[in-house]
1. Is region B:323-408 rounded, prolate or oblate when judged by the Cα gyration tensor, a ≥ b ≥ c being the square roots of its eigenvalues, rounded requiring a/c under 1.5 and prolate requiring a/b larger than b/c?
2. For A:ALA297, place a label point 7 Å out from Cα along the Cα→Cβ vector, do the same in each other copy, and report the separations in nm, one decimal, smallest first.
3. Mind checking which of A:ARG104, A:ARG290, A:ARG205 has the largest fluctuation in a GNM of chain A, springs on alpha carbons under 10 Å?
4. Tell me, what ³J(HN,Hα) does each residue in region A:230-243 have, in order and in whole Hz, if you take phi through Karplus 6.51 cos²θ - 1.76 cosθ + 1.60 with θ = phi - 60° and put x for Gly and Pro?
5. Assuming R0 = 35 Å, can you tell me the calculated FRET efficiency for the pair A:GLU97 and A:GLU332, based on Cβ-Cβ distance, to the nearest 0.05?
6. Give, as ranges by residue number, the residues of region A:76-100 whose backbone N falls under 13 Å from the point 7 Å along Cα→Cβ of A:LEU48.
7. Can you list the residues, at least 5 places off or on another chain, whose amide H is less than 5 Å from the amide H of B:VAL324, using H built in the peptide plane?
8. Can you work out the Karplus-derived ³J(HN,Hα) for every residue in region B:396-411? Use 6.51 cos²θ - 1.76 cosθ + 1.60 with θ = phi - 60°, whole Hz, and x for glycine or proline.
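Coordinate-derived values only; no laboratory data. Quick caveat, the model's predicted, so the values are computed rather than measured. Backbone-built Cβ (ideal geometry, glycine too); neighbour counts: all protein chains shown.
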2 protein chains.
Amino acid sequence: MELQEIMLEKAKAAKNASYKLNTLSTQVKNKALLAMADILEHRKSVILEANAQDLEDAKKRNVKRSYLDRLMLDENRISGMADGLRQTASLPDPVGEVDYSAIRPNGLEIRSVRVPLGVVGIIYEARPNVTSDAAGLCLKAGNAVLLRGGSDSIRSNKAIVQLLQDAAYNTGIPEGAIQFVDVTDREAVNIMTHLDGYLDVIIPRGGAGLIKAVVGNSSVPVIETGTGVCHTYVDASADLNMALEIAENAKVSRPSVCNAMETLLLHESVAEYFLPMLTVAMMDKNCELRGCEKCLAIVPTMKPATEEDWSTEYGDLILSIKVVRDIDEAIEHINKYNTGHSETIVTESLANAHAFQWRVNAAAVYVNASTRFSDGGEFGFGAEIGISTQKLHARGPMGLRALTTNKYMIYGEGQIR
Amino acid sequence: MELQEIMLEKAKAAKNASYKLNTLSTQVKNKALLAMADILEHRKSVILEANAQDLEDAKKRNVKRSYLDRLMLDENRISGMADGLRQTASLPDPVGEVDYSAIRPNGLEIRSVRVPLGVVGIIYEARPNVTSDAAGLCLKAGNAVLLRGGSDSIRSNKAIVQLLQDAAYNTGIPEGAIQFVDVTDREAVNIMTHLDGYLDVIIPRGGAGLIKAVVGNSSVPVIETGTGVCHTYVDASADLNMALEIAENAKVSRPSVCNAMETLLLHESVAEYFLPMLTVAMMDKNCELRGCEKCLAIVPTMKPATEEDWSTEYGDLILSIKVVRDIDEAIEHINKYNTGHSETIVTESLANAHAFQWRVNAAAVYVNASTRFSDGGEFGFGAEIGISTQKLHARGPMGLRALTTNKYMIYGEGQIR
């Protein structure tokens, strides 16, 4: 069978299942999620075996150790996946929530009700845990899912999906609800992004390259996630000890994630005192610093930052630093170079905190806290399917609600207009 | 100057204005809206003169009378535009509404606040009133707007925009907030749909052709609006007098609009009694009927419907009719042929009403009421920028809130993770 046909068949099966998932009770969905969690743990040997093969192949290609680590599954990580599904089961079901209601003068009762999106496509890279996370979240929100993982983890993903399908379909989930692209051909992604009429949305999860390729190509609506050039601005009135703690945490606690800081902006009145402190602290963490001219005048040993640095997501222990005249220059710089993810100001000034939060263009704008908190769990959503950096539909960490749409349900008694 | 440059300059000006509009008080925005309303009425002669020229040109091209009517402005219609702006001023400002809040265990205060989208692009056709409607709604929601009207109404639109700009910029709206493409070259639309980074969204308003062209081409996110293949399903248990009233209203009260019915579905147990009644009523309104085979067996004079009829938005006094076995066939037919706009069931059965509302895939699903109510005003939003037939961001009639996004504003006291 042609790849095009294979993909279409999967999409159709998902679409058909979505019509039944639509009205499935929370009870049935939760039962399935718990069964899915259990089966991952009970049959972990199947997953570990498949994963061992994936790892072996990857090693042959001499990939980085950090990459192998992302690919690798062990008992703990499988338990983590199971626990994720159990947590999803414990979350409130967004389907059926009424987000607008009115009884109109003519007696029409209008309700906007949250309903599933339909079929969600997920295109992701190495980490096999995305397979169960995404399947669980989509299912809980009443959606069918079409999963397309990276070719390096194809065996692990396939093993996981087969177990999830078994458990789900045995507990009342309509067949077809969990679809997996078991073809490594890159053309599959191209076909997937043109399954208009079958897929309601595609959420890419992975590096900037993957996201850019999907966004640029797709005729199915895409929710852009997870590219983060995040800033910390240390204002003139900042508590500098707090600023140092926040900067350190935002940069070094987990430099590879999208909510980590890439650029520090310093008000010129605090630069002379703060920069040497920061340099010592960051050197201690093996973090490379790249500064603007004013920075170099204060700390001459610093590497000079180039124009490219201001828009680079290092994902690594590198930090660019710029001294700014005032908060206006800081906001302007951020709005020019950021990716709309997360930004923070350290300040004691009420007016500046307010101006920063309203004028900075980003999904999450913090006052006196680390950007590292941009996360569905930290925000109280229980879980997240990704962090949207776009303005339409969902912005910021996306929980279950972002996997739903609304439908107006209107009750009348014969009204005509 | 090249068209590309002209467009870019307009987009940049809008973007710059959007950063100021962002924090403009409701008071200033309302004052501007009222001044905009006043100037349209005070200087109506300028608009009428420009409109007369547009009409003259259009007449030379022998366009349809209905088209001329849409293009035509008179004193009443200008007052209507002014009243629209006054009504927009009277609506609550969506900016600043908090739609999620939590104080997390670590003390972080998280609020999701509605904020303007930024710059909204509107691409529309003949009706010049869209110019003031769209400008007013975008402004009230704190957005800058880039308007691109049809070439046939270019003089009218230009006159309206110049008055609106005068009034707005004189009452505290930042210059650049209202942009108008005063070039009729079709290439302008192509350029506009690729102004990523400047435009945050494009909303096309017009016929199916325009919308398809914009959606298929745009790298700026688009909100699809206003294509409506709407159905009325008359269930076995329907009150047939009510069904007749609803069907008549949905079809003939204004056949050219997107919430008008195009196809009537009839449960087979009521067809024999209902069809002759309907035929008489519709003939009385000069409405052409096109039926399935079962229809023709009952009313042999009816024109046979072809496969194409089921997916056609007539926008005219034509109705296709299909007899169905049961509610399942009705729902299946609708989900296959509809455009996701508005659907209604006439029934006395609670179970069927429930099934229909949950299983039909559309923005608005009615029980015992005409689909003609799908409208921002009728839903209680005061005004509408369009009716979205897509699932992401906004679905159904879009009021001011659909012209905003959310931003997480987080208040901390030095929290790190």
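1. Judged from the Cα gyration tensor, region B:323-408 comes out prolate (a/c at least 1.5, a/b above b/c).
2. Spacings between copies for this position, smallest first, are 9.2 nm.
3. A:ARG104
4. Going residue by residue, I get 9, 10, 10, 10, 9, 7, 4, 8, 4, 6, 6, 5, 4, 4 Hz, with x marking Gly and Pro.
5. Approximately 0.35, to the nearest 0.05.
6. A:76-79
7. Here the answer is B:LEU266, B:HIS267, B:GLU268, since their amide H atoms fall under 5 Å of that of B:VAL324.
8. Using θ = phi - 60°, the values come out as x, x, 9, x, 4, 4, 5, 8, 10, 10, 10, 9, 7, 10, 10, 10 Hz.
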